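A short write-up of the structure that comes next.
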Protein chains: 2
Amino acid sequence: MNEQRIRTTQVPNHIGETVTLRGWVHAIRRVGKLAFLVLRDGWGTVQAVGKATSVEPLEQQRAGPETVVSIRGRVVANTAAPGGFELVEPCYEVLVPVEEGLPVALNDKSLAKAKLPTLLDHAPTVWRAPTRRAVLQISAAAMAGFRGTLHQEGFTEVQTPKIVSGATESGANVFGLDYFGEPAFLAQSPQLYKQMMVGVFERVFEVGPVFRAEPHATVRHLAEYVSLDVEFGFIEDHLEVARMLRTVLAGMTSTIEQRCASALRVLSASLPEVPEALPTISFGQARAMLAEAGQGPAQANDLAPSEERWLGQWAEREHESAWLVVTGYPMSKRPFYTHPSPSDAGASNSFDLLFRGTELVTGGQRLHRYADLVAAARGAGIALDSIEGYLEAFRYGMPPHGGFAIGLERFVTQLLGLENIRLGTLFPRDTNRAAP
Amino acid sequence: MNEQRIRTTQVPNHIGETVTLRGWVHAIRRVGKLAFLVLRDGWGTVQAVGKATSVEPLEQQRAGPETVVSIRGRVVANTAAPGGFELVEPCYEVLVPVEEGLPVALNDKSLAKAKLPTLLDHAPTVWRAPTRRAVLQISAAAMAGFRGTLHQEGFTEVQTPKIVSGATESGANVFGLDYFGEPAFLAQSPQLYKQMMVGVFERVFEVGPVFRAEPHATVRHLAEYVSLDVEFGFIEDHLEVARMLRTVLAGMTSTIEQRCASALRVLSASLPEVPEALPTISFGQARAMLAEAGQGPAQANDLAPSEERWLGQWAEREHESAWLVVTGYPMSKRPFYTHPSPSDAGASNSFDLLFRGTELVTGGQRLHRYADLVAAARGAGIALDSIEGYLEAFRYGMPPHGGFAIGLERFVTQLLGLENIRLGTLFPRDTNRAAP
């Protein structure tokens, strides 16, 4: 292993040179007197082509796909080769032989035919497929873009605790645990903590797991997911929060564009434009439009998934936008810390962002005056001593503030048009699954 | 709130101009006919000085420290002012008055006198103090430096699940939970998952919470902490892993240096050099040195905290290094997936990094051959079906690999010489504490 090894992505820089690569046997086939081998490493794939005898070291060890190998070969440009370059006169060394057949062959045809439980059960293998791991590369870039943009905007990253005592946001759907003999819970969101941190840094963000004991199985819910959380102070209202969301989404998509050219190509995916101003309608307007189009009642206190889909199509049609901000949801459907609209009775200073017709983000302005918050908590039946630390932050001065949370897996799933959020999640957790 | 607001850190760019700032009343005092007010915002502090009457708007509302205010004033350079600039002719507006006295005054003298439980109980307030929040700023920069360096080195960020079924690394000290009627656990580390991901990306890292039901209270253990995890493939041995650790530590400290000049100044902290090669000794050498110095027995299968302290002093003295790598710990003290030394019977290809005489990092090479791993798991009494997904990654080809994990809070605590890890942790969790 002492030889200098290059990555598949570095091959184009070494035309005419004899180089060493390491990785996995992604595919191997003989065509007449020739043997083709596609090597996959952590970054890409490259084809090697040689005499049929070149693959004898593999055959002798009965080494099939996923065998870990070292290849020495000369780099040539060949427009007929995938990626435009290949290795010739290859010399293979088996590092770790794999004799057993794979549970799912790592090509698109086999993957497309495989059933979802098979893909999930064998995730440690399946994620190796270039079209699968591209999803995770985009996910990583989305996180990087989220953080990078917020750092530019003067935000500080925090890591808040996931084991919490007392009530979390709402009492329902929490996982309980035995914490040294006392009851505790897994945080459903960092909501209360990120608000507390507005008192410290004004502008904070967090990337971390959240836990929801959702008892129903849907294609867009998980029991554990990664939440991209933002909260910031000295805001005017929830529209300022939505503008920050736009900035963040633009940063996320541009980072994906910069870092993931190859992943996007592998997936034949294109990124949606993030317009300078996201199309924005009020909840009342949304309901009126739905009613007029015969898509739903004029009065309701929420939007059904089918209604969100219709609104998404409307935004696409009228604004050429994959995004639609719906503001002013009824207070009755929002958590206790939500700031009411100062002008529209019953409405909140909150919003949802629909992305391609599915809710992706919830955000808004929060209550910031201690007395208002205490009254709201009481009204929601929350025991004040269970949120003592939270209330302390407000007792000692909290500016007007707001924020939002983006579900990472949902973002990636909708961005890439995956049919189930489980396909956009590394090792998904749901009512039936806590492994692998 | 419509007026353009500048941050305290932008004040030096506006000499002679009348500007608006917003933030919290950090301190206020009258000296004769003058009133001084220190404003704190999310990034720093600035002093305003005016006639005694200037603070009347605050007095009329009985608004004390932590009151949220807006200030308009003219920027002047004044070498006598803290930071070299101040606001004159200030005009204050109270945005959110705070009438109640603070649980702990946010100055260094009061904070130094306060007992630890007081500081922790009132963390939402206490973190506002400049000398406290500087710790979190450094923590955020440490994470950014960790990620930035690894991105440069070709690593991909992953987020692995925190709810796991079956065994984790070791059966002891795990938090159990009821997962939809089935038993599950909180991950003690992402160890098994990050190894699985070597099969996908070769080089992966993760920043996320880990959970340890440590039944004992010490100044350096927590029940939940942030783990900075790295794992990568195609390595030669554990020394290559230690070299990557050095690169990462250098990236972390240089990012702290770049981003946290003001936080370091507030804390009077200086960063340790990270030498080109970290001083490295074998476990056997360490024991022999300890025995020779009368600090411990020549034979033992671990290092006691007092022995680590002595070794740390030795590295400081002999190598002028805050860091010391100790390699080749006995296999008997290492987890089942540890790769044995090929040359030294009973020793492992693993290491600990001591930082200022305390263990900060554990790392090493892992077993990569399926048969070896199965035998090791069996030897450790681990049910193979409980690690089925993990084993699958090895059944289908895993290269030689290794990695390490840095405890974020411990890194920050030792870097800044804090006396208890709880002072380097946002909202610490221990046997007695799951709030705030």
#### Entry: Farthest toward positive dipole pole in segment B:8-96 [+1 Lys/Arg, -1 Asp/Glu at C-beta], among B:VAL49, B:THR8, B:VAL96
B:VAL49
### Query
What's the exposure ranking of B:ASP108, A:ASP430, B:ASP41, going from fewest to most Cβ atoms within 10 Å?
B:ASP108, A:ASP430, B:ASP41
### Query
When averaged across all projection directions, what area in nm² does the alpha-carbon convex hull of the protein assembly as shown cover?
39.6
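Relative contact order of chain A, please, whole-number percent, based on alpha carbon pairs below 8 angstrom and at least 6 residues apart.
It rounds to 13 percent for chain A.
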### Query
Looking at segment A:319-436 from every direction and averaging, what is the projected area of its Cα convex hull in nm²?
10.4
### Message
How shielded is A:150-162 by partner chains, expressed as the average number of their Cβ atoms within 10 Å of its Cβ atoms?
### Response
6
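With a 10 Å Cβ neighbour count serving as the proxy for reagent exposure, in which order, fewest first, do B:HIS151, A:HIS216 appear? Show your work: numbers first, answer last.
On the way: B:HIS151 17, A:HIS216 8.
So the residues, fewest neighbours to most, are A:HIS216, B:HIS151.
Once you charge only the Cβ atoms, +1 for Lys and Arg and -1 for Asp and Glu, what is the size of the charge dipole of chain B about its Cα centre, to the nearest 20 debye? Could you put the intermediate results ahead of the total?
Values: 41 positive and 47 negative charges, 282 e Å.
Using Cβ point charges on Lys, Arg, Asp and Glu, chain B gives about 1360 debye.
In debye, nearest 20, what is the charge dipole magnitude of segment A:118-248 about its Cα centre with +1 on Lys and Arg Cβ and -1 on Asp and Glu Cβ, if you could check? Intermediate values should be presented prior to the final figure.
Values: 11 positive and 15 negative charges, 135 e Å.
The dipole magnitude comes to about 640 debye.
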### Query
Helix B:283-292: angle to the longest alpha-carbon principal axis of chain B, degrees 0 to 90, nearest 10?
80
### Message
When a/c reaches 1.5 or more, the comparison of a/b and b/c decides; with that in mind, is chain B rounded, prolate or oblate per its Cα gyration tensor?
### Response
prolate
### Other copies of B:ASP302: label-to-label distances in nm, shortest first, labels 7 Å along the beta-carbon direction
5.1
### Query
In percent, what relative contact order does segment B:10-87 have, based on Cα pairs under 8 Å that are 6 or more apart in sequence?
37
### Query
Taking Cα centroids, how far is segment B:5-35 from segment B:84-150 in Å?
17
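What does the average come to when, for each residue of peptide A:183-190, you count the partner chain Cβ atoms lying within 10 Å of its Cβ?
2
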### Task
For segment B:330-423, calculate the relative contact order in percent as a whole number, restricting contacts to Cα pairs under 8 Å that are 6 or more residues apart.
25
## Note on the structure
Which of A:PHE336, A:PHE155, A:PHE85 fluctuates most in a GNM of chain A (C-alpha springs under 10 Å)? That residue is A:PHE85
### Task
Could you pull out the GluC sites (Glu not before Pro) across segment A:293-338 that fall in loop regions by DSSP (anything but H, G, I, E, B) with no more than 15 other Cβ atoms inside 10 Å?
A:GLU320
## Note on the structure
Partner shielding of A:422-433, taken as the mean number of other chain Cβ atoms within 10 Å, equals 3
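Compute, for segment B:187-336, the length of the dipole vector about the Cα centre, with Cβ point charges of +1 (Lys, Arg) and -1 (Asp, Glu) only. Units Debye, rounded to 20. All intermediate terms of the calculation are to be shown ahead of the outcome.
On the way: 13 positive and 19 negative charges, 62 e Å.
Result for segment B:187-336 is approximately 300 debye, rounded to the nearest 20.
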### Task
For chain B, with a Gaussian network of springs between Cα atoms less than 10 Å apart, report the residue from B:LEU58, B:LEU324, B:LEU353 with the top mean-square fluctuation.
B:LEU58
### Summary
Per the charge dipole of segment B:130-424 (beta-carbon charges, Lys/Arg positive, Asp/Glu negative, Cα centre), the residue among B:GLY346, B:VAL135, B:GLY294 reaching farthest to the positive end is B:VAL135
### Query
B:ASN173 label points, 7 Å along Cα→Cβ, one per copy: pairwise distances from this copy to the rest in nm, shortest first?
3.4
### Summary
Between the residues A:ALA242, A:PRO215, A:ILE382, the Cα farthest towards the positive end of the dipole of chain A, that dipole coming from +1 and -1 charges on the beta-carbon of Lys, Arg, Asp and Glu, is from A:PRO215
#### Entry: GNM result for chain A, Cα springs below 10 Å: residue of A:GLY64, A:GLY44, A:GLY379 fluctuating most strongly
A:GLY379
### Query
Reachable lysines from A:LYS33, Cα under 24 Å, same-chain residues fewer than 8 places away excluded?
A:LYS51
### Task
Per residue of segment B:17-22, in order, report the coupling 6.51 cos²θ - 1.76 cosθ + 1.60 (Karplus, θ = phi - 60°) as ³J(HN,Hα) in whole Hz, putting x for Gly and Pro.
8, 8, 10, 10, 10, 9
### Task
Please determine, in degrees from 0 to 90 and to the nearest 10, the orientation of helix A:130-152 with respect to the longest principal axis defined by the Cα atoms of chain A, where the helix direction is its Cα long axis.
50
### Task
Using only Cα atoms, find the angle between the long axis of helix A:370-379 and the longest principal axis of chain A, and express it within 0 to 90 degrees, rounded to the nearest 10.
90
### Query
So what are the ³J(HN,Hα) numbers for segment B:27-41, from phi and the Karplus equation (6.51, -1.76, 1.60; θ = phi - 60°), rounded to whole Hz, Gly and Pro as x?
7, 8, 7, 9, 10, x, 8, 10, 10, 9, 9, 9, 9, 10, 10
### Message
Ignoring everything except DSSP H segments at least 4 long, calculate the 222 nm mean residue ellipticity for the protein assembly as shown; use -39,500 (n - 2.57) per segment, divide by total residues, nearest 500.
### Response
-9000 deg cm²/dmol
### Summary
What a careful reader reports for the chain B Cβ nearest the rotation axis onto chain A, distance rounded to whole angstrom, is B:LEU177, 2
### Message
So if I take the centroid of the Cα atoms in segment A:272-304 and the same for segment B:234-300, what is the distance between those two points in Å?
### Response
57
### Query
Once you mark the trypsin sites (Lys or Arg not before Pro) that are in a DSSP loop and have at most 13 other Cβ atoms within 10 Å, what is the longest gap between them in chain A?
A:116-436
### Task
Give me A:CYS260, A:CYS91 ranked fewest to most by other Cβ atoms within 10 Å of their Cβ, as a rough exposure proxy.
A:CYS91, A:CYS260
### Query
When each copy gets a label point 7 Å from Cα toward the beta-carbon at A:THR9, what are the spacings between them in nm, shortest first?
2.9
### Residues of type lysines that B:LYS333 reaches as a straight line, Cα spacing below 24 Å, ignoring anything fewer than 8 places off in the same chain
B:LYS194
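Every number here is computed from the coordinates shown, using simple stated rules; none is lab data. Keep in mind it's a predicted model, so treat the numbers as computed, not measured. With ideal geometry, Cβ positions are generated from the backbone for all residues, glycine too; neighbour counts draw on all protein chains shown.
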